[in-house]
1. Within the range 63-76, can one find any residue that is surrounded by 21 or more Cβ atoms within 10 Å (Cβ to Cβ), away from the ligand (no atom under 15 Å from the Cβ), modelled with pLDDT under 95 and hydrophobic (A, V, I, L, M, F, W, C)?
2. Would you mind finding the one in Gly266, Gly301, Gly213 that is of a type in the set (Gly, Ala, Ser), within 30 Å of Ser140 (Cβ to Cβ) and either surrounded by fewer than 22 Cβ atoms within 10 Å (Cβ to Cβ) or away from the ligand (no atom under 16 Å from the Cβ) (or both)?
3. So for the range 85-100 (the condition being surrounded by 24 or more Cβ atoms within 10 Å (Cβ to Cβ), in contact (Cβ under 8 Å) with a residue 40 or more places away in the chain and more than 15 Å from the ligand (Cβ to nearest atom)), does at least one residue qualify?
4. Would the range 416-428 turn up any residue that is within 16 Å of the ligand (Cβ to nearest atom) and assigned to a helix (DSSP H, G or I)?
5. Being surrounded by fewer than 18 Cβ atoms within 10 Å (Cβ to Cβ) and of a type in the set (Asp, Glu), is that true of even one residue in the range 324-331?
6. Answer yes or no: is there a residue in the range 288-297 that is crowded, with 20+ Cβ neighbours inside 10 Å, within 20 Å of Ile65 (Cβ to Cβ) and modelled with pLDDT under 95.
7. Taking the options Thr256, Thr250, Thr281, name whichever one is β-branched (Val, Ile, Thr) and buried (at least 18 other Cβ atoms within 10 Å of the Cβ).
8. Could you check Gly199 against (1) farther than 21 Å from Leu421 by Cα; (2) within 15 Å of the ligand (Cβ to nearest atom); (3) buried (at least 24 other Cβ atoms within 10 Å of the Cβ); (4) of a type outside the set (Lys, Arg) and say which number it fails?
Amino acid sequence: MQIERGSFNTKLGIIAATAGSSVGLGNIWRFPYETGQHGGAAFLLIYIVCVIALGMPVMLSEFYIGRKTQRNAAGAFDVLKAHKFWKIIGFIGIIGAFLILGFYSVVAGWTIEYIYDSVANNLADQTASQLTISFNQFISDPIRPLLWVVIFLLCTFGITLGGVKNGIEKASNVLMPILFVLIILMCVRSLMLPGAKQGLEFLFKPDFSKITGEVLLSAMGQAFFSLSVGMGTLITYSSYFSKETNLLKTTAVVATLDTVVAILAGIFIFPAVFTFGIEPTEGPYLVFITLPNVFNQMMGGYFFSIFFFFLLTIAAVTSTISLSEVITAYFHEEFGISRRKAVIWLFFLVSLLAIGCSLSVSRINTFTLFGMNLFDLFSFISSNILLPLGGMLISIFVGWYVDKSVLKAELTNEGSIQFKLFTVYVFLLKYVAPIGISLIFLNQLGLINIF
Ligand code: PHE
């Protein structure tokens, strides 16, 4: 059977699709609640250090592997003639993609519910506690959340089937800039609220006594999750890049955009959290019970709210298509299964996982493992374990096993662009990432005691 390989069309398309994968619910939904649960500014600080010292070098390394080999996340290591052990990076990616799709689609389903609620004007004039009650009722409904999840997954897999060029590129090019403008407007409104000062202090004034092993682990996990690194998504995407793509610039632009959007999300959420008396530690529901309050205070809030949840859903889709692409490309290229067949199977499997995750946060749930329901467990295992582990392996592979002149030639497009920080990059890969990530893991396991 013929192996189909797409490619991204334009320079902007490449950046937009990669940024589309990175910017998503991770920035706007997960970042604020993780920050809220882990002490605010101190978490943000560690998060930024992780983005720069771990996330960006891993991103660039994934680009190297993907573009050099033009293969899926596991097959790439065959093309590089690496020992078959390294294919484990691809397998971590595939398991990670399943787990993330499982809980992420549930949240994307919640955003669709909020589009509906915004159109029907159901959220107007509700207080924070009323909003919490309605939200809890909604997620415990036996049908509605599941319906939205399935609709969302149909969109994701429909786009994946449409192929790389047509679906992904066009949608991200137009819609993501609009989302960005909307976010800025929401920040402006939020900063006029009475709780603005307290919110900003929570986000930007670090209290170092709040740093614990768990804070370190979560900040690192959030950095990997938000950038979409450590699991071969970017290996897969960059396998569709052209040889002219400037990988260094793409890394810088995508990481900056992703971090800026997360911080902006913090800026519009925390002033509102303190104004409306919501607990920053509320968890995964934080954004959903905070934002409607902001819209209720905003001129034209009715329209903003519809628009915002719509664009947030799109941002979620551009991330989930990158996840489904990891799995689809793998089964298509390694086993010769047609993309169509792979996607259909994937749809059923992921729907089952997502339904399980959705039920696990409803009142019907009684099942927990390690004190976590399925939803939290999937989120914890993927972000805090699999992605950093994948990132560590990618760093070791590229840092220690790849010939440095070959690496440099690929990253500089055969010497046509400059890479002044090449030695710093290699140092980060060889020492900082493997040692840093191992220390955080060992600390969390209680085997050493840094914090
Ligand atoms: N980075 C995406 C987000 O922030 C989620 C994601 C993680 C996508 C890992 C792909 C791989 O929403």
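The values are calculated or read from the model by the stated rules, or taken from the named source; none is laboratory data. If you're wondering where the values come from, they're calculated on a predicted model, not measured in any experiment. As a convention, Cβ positions derive from the backbone with ideal geometry for all residues, glycine included, and neighbour counts pool all protein chains shown.
1. Looking for residues that are surrounded by 21 or more Cβ atoms within 10 Å (Cβ to Cβ), away from the ligand (no atom under 15 Å from the Cβ), modelled with pLDDT under 95 and hydrophobic (A, V, I, L, M, F, W, C), one finds none in the range 63-76, hence no.
2. Step by step, each of Gly266, Gly301, Gly213 is checked, and only Gly301 is of a type in the set (Gly, Ala, Ser), within 30 Å of Ser140 (Cβ to Cβ) and either surrounded by fewer than 22 Cβ atoms within 10 Å (Cβ to Cβ) or away from the ligand (no atom under 16 Å from the Cβ) (or both).
3. Looking for residues that are surrounded by 24 or more Cβ atoms within 10 Å (Cβ to Cβ), in contact (Cβ under 8 Å) with a residue 40 or more places away in the chain and more than 15 Å from the ligand (Cβ to nearest atom), one finds none in the range 85-100, hence no.
4. No, the conditions are met nowhere in the range 416-428.
5. no
6. No, the conditions are met nowhere in the range 288-297.
7. Going through Thr256, Thr250, Thr281 in turn, the sole match is Thr250.
8. (2)
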